[in-house]
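Before any comments, here is the structure.
The values are calculated or read from the model by the stated rules, or taken from the named source; none is laboratory data. Quick caveat: nothing in here was measured; it's all calculated off a predicted structure. Here the Cβ is made from the backbone with ideal geometry for all residues, glycine too, and neighbour counts use every protein chain on show. Only protein heavy atoms, including side chains, enter the accessible area calculation; ligands, DNA and RNA are left aside. Shrake-Rupley method; radii C 1.70, N 1.55, O 1.52, S 1.80 Å.
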Amino acid sequence: MIQVVLIDIDNTLLSFSGYIKEAMRDGFAQYGLKPYTEAMFPVFERINNSLWEQIEQGTLSFEKLTEIRWNMIFHALGISFDGRIFERYFRDKLFSSAVPEPGAVELLEYLSHRYRLGIASNGPYEQQINRLRVGKMYDFFTHFFVSSQIGAQKPSAAFFDFCFKELRGSGFPNLLPEETMIIGDSLSSDMEGARRAGVDACWFNPQHKPRPQDIPIHYDIDSLP
């Protein structure tokens, strides 16, 4: 029986994609760059996802990502501007951004009456916690597992070992992996992390992507309510 549910933040509880489009549109206008178009978003997504996959694999640090991300994106878009300046704007704006995914609050209200809830997120701790507060989601959770605080990224064993150590020390001394579930949108961090940790995997898949053959997924959902 499931006792603890771990939930991802970006593109699961809060719409990271929605924030990106808003930040690019407003930031490009603020710095006098070419106007944002929807065709630019897939460029950001491709480069950003590639960099985060390297972080998950342990071949790139988050600090290095922040140094190179927007220079790579601007190069691909044919924009001449210092990406490090835009990264600072981007991160400052992200700190207070909270665009809820449809049904996210209703999901938390339902789950919080039945399970212990914990956040499981890759990213800077202070930023992710503040976004939960802004989005009025913070109070649903009793544990906040964020990679910068832990010193390890999903899907690594070290990340989930830390989660279980903390949970077993705060009310669940005999918690088993099979009594735990993670809900998230990322195959490479959330679902792969669930596979490595032996926990149930619930894939938030609103785009109806095909299920992978090499990662066991217990539940596949396309909406949160």
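Checking each residue in the range 198-220 for being open to solvent by less than 50 Å² (accessible area, probe 1.4 Å) and within 17 Å of the chain's Cα centre (by Cα) picks out 201, 202, 203, 204, 205. Of the residues making up the range 127-166, those that are among the aliphatic types (A, V, I, L, M) and touching a Ser or Thr at 6+ places or on another chain (Cβ under 8 Å) number 2.
Tallying residues that are farther than 21 Å from residue 193 by Cβ, exposed (fewer than 14 other Cβ atoms within 10 Å of the Cβ) and within 22 Å of the chain's Cα centre (by Cα) within the range 47-78 yields 3. Does residue 195 satisfy the condition of being open to solvent by 70 Å² or more (accessible area, probe 1.4 Å) and either under 16 Å from residue 14 (Cα atoms) or in a strand (DSSP E or B) (or both)? For residue 195, the condition - open to solvent by 70 Å² or more (accessible area, probe 1.4 Å) and either under 16 Å from residue 14 (Cα atoms) or in a strand (DSSP E or B) (or both) - is not met. Of the residues making up the range 79-98, those that are open to solvent by less than 30 Å² (accessible area, probe 1.4 Å) and more than 22 Å from the chain's Cα centre (by Cα) are 79, 83. Against the test of being modelled with pLDDT under 95 and in contact with a Gly (Cβ under 8 Å, 6 or more places away or on another chain), the options 98, 23 yield a single qualifying residue, 98. If the condition is being in contact with a Ser or Thr (Cβ under 8 Å, 6 or more places away or on another chain) and within 16 Å of residue 64 (Cβ to Cβ), then the range 85-99 contributes 87, 91. Among the residues of the range 156-192, those identified as open to solvent by 10 Å² or more (accessible area, probe 1.4 Å), assigned to a helix (DSSP H, G or I) and farther than 14 Å from residue 215 by Cα are 157, 158, 161, 162, 164, 165, 166, 168, 177, 178, 179. The set of residues from the range 119-142 being open to solvent by 20 Å² or more (accessible area, probe 1.4 Å) and of a type outside the set (S, T, N, Q) comprises 124, 125, 126, 133, 134, 136, 138, 139, 140. Of all the criteria given as (1) among the hydrophobic types (A, V, I, L, M, F, W, C); (2) over 22 Å from residue 218 (Cβ atoms); (3) surrounded by 19 or more Cβ atoms within 10 Å (Cβ to Cβ), the one not satisfied by residue 145 is (2). Please work out which residue is surrounded by the most Cβ atoms within 10 Å (Cβ to Cβ), limiting yourself to the range 1-46 and to residues that are in a loop (DSSP other than H, G, I, E, B) and among the polar types (S, T, N, Q). Looking at the filtered set, the residue picked out is 12. The requirement of being in a helix (DSSP H, G or I), open to solvent by less than 70 Å² (accessible area, probe 1.4 Å) and at pLDDT below 95 is not satisfied by residue 153.
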